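Participant: Dropping the structure in here first, questions after.
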Amino acid sequence: MGIKKDFARLSATLAPEVIVDYTSVVPAWGEKRYTSHEFATEWLSPEHLGNKALATQHLLAQPYIKSVAKDEIVVQWQQLASHGRWEDENATETGKQRMIVETSDGRSWMEHKFVRIEERWKIARIRPELRYDTGDFMRVRRPEGAA
């Protein structure tokens with residue numbers, strides 16, 4: 001994984017408990033509660049961002065500050081999440097050209113709640129609200145090696 005998928009960096013941005021509400025994106029996932037360690041471990045695992053067959057790009061729009069309090073800030077923005085599946089996740093290791101063969105794009109309204117902990121702002125809640133998507137996201141994000 002590249003430097004942008006570093007466990008220590010991700011963990012440093014998270015509150016001790018992180019709530020992720022995926023009810024609008026993948027209803028079966030619902031709302032999940034994680035410790036910061038559990039969140040970083042799961043999302044950097046081979047099933048998610050560590051999946052070598054999965055390419056992702058998230059394009060973020062101008063942030064809208066929904067609310068500000070002494071120890072809490074809620075920010076929203078529009079997001080385009082583009083997901084692609086590499087034809088052969090090991091192609092670069094074998095010297096072949098990598099190609100995207102399946103795609104799924106989702107447009108969502110994203111909300112993050114930040115809380116102040118020891119004078120540092122940490123992510124405490126993530127809530128995407130899916131507007132529409134194309135392709136089959138669950139198929140594109142399937143585990144490495146799965147057909």
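The values are calculated or read from the model by the stated rules, or taken from the named source; none is laboratory data. Keep in mind the model is a prediction, meaning the values are calculated, not measured. No Cβ is skipped: glycine too gets one built from the backbone with ideal geometry, and neighbour counts run over all protein chains shown.
Participant: Could you tell me whether Phe114 is modelled with pLDDT of 90 or more, out of contact with any Asp or Glu (no Cβ under 6 Å at 6 or more places or on another chain) and under 30 Å from Lys66 (Cα atoms)?
Facilitator: Details: modelled with pLDDT of 90 or more: yes; out of contact with any Asp or Glu (no Cβ under 6 Å at 6 or more places or on another chain): yes; under 30 Å from Lys66 (Cα atoms): yes.
Considered against the rule, which asks whether it is modelled with pLDDT of 90 or more, out of contact with any Asp or Glu (no Cβ under 6 Å at 6 or more places or on another chain) and under 30 Å from Lys66 (Cα atoms), Phe114 comes out as yes.
Participant: Restricting the stretch 20-43 to residues that are modelled with pLDDT under 90 and of a type in the set (A, V, I, L, M), which is surrounded by the fewest Cβ atoms within 10 Å (Cβ to Cβ)?
Facilitator: Val26
Participant: Report, ordered by the first and then the second residue, all pairs with beta carbons closer than 8 Å, sequence separation of six or more or different chains, a first member in the stretch 17-36 that is more than 18 Å from Ala81 (Cβ to Cβ) and without any contact (Cβ under 8 Å) to a residue 12 or more places away in the chain, and a second member that is surrounded by 14 or more Cβ atoms within 10 Å (Cβ to Cβ) and aromatic (Phe, Trp, Tyr).
Facilitator: Pairs that qualify, where the first residue is more than 18 Å from Ala81 (Cβ to Cβ) and without any contact (Cβ under 8 Å) to a residue 12 or more places away in the chain and the partner is surrounded by 14 or more Cβ atoms within 10 Å (Cβ to Cβ) and aromatic (Phe, Trp, Tyr), are Gly30/Tyr22.
Participant: Which helices (runs of 4 or more DSSP H) does the stretch 30-147 wholly contain that include 3 or more residues that are out of contact with any Gly (no Cβ under 9 Å at 6 or more places or on another chain)?
Facilitator: Result: 36-43, 91-94.
Participant: Going through the stretch 62-96 one residue at a time, which ones are at pLDDT below 90, surrounded by 12 or more Cβ atoms within 10 Å (Cβ to Cβ) and out of contact with any Ser or Thr (no Cβ under 8 Å at 6 or more places or on another chain)?
Facilitator: Trp86, Glu87, Glu89, Asn90, Ala91, Thr92
Participant: For the stretch 9-45, give me each residue that is of a type in the set (Ser, Thr, Tyr) and over 23 Å from Tyr132 (Cα atoms).
Facilitator: Going through the stretch 9-45, the residues of a type in the set (Ser, Thr, Tyr) turn out to be 11, 13, 22-24, 34-36, 41, 45.
Ser11, Thr13, Tyr34, Thr35, Ser36, Thr41, Ser45, listed by residue number.
Participant: Let me ask something else. Which of the residues spanning the stretch 117-133 are at pLDDT 95 or above and hydroxyl-bearing (Ser, Thr, Tyr)?
Facilitator: The answer is none; no residue qualifies.
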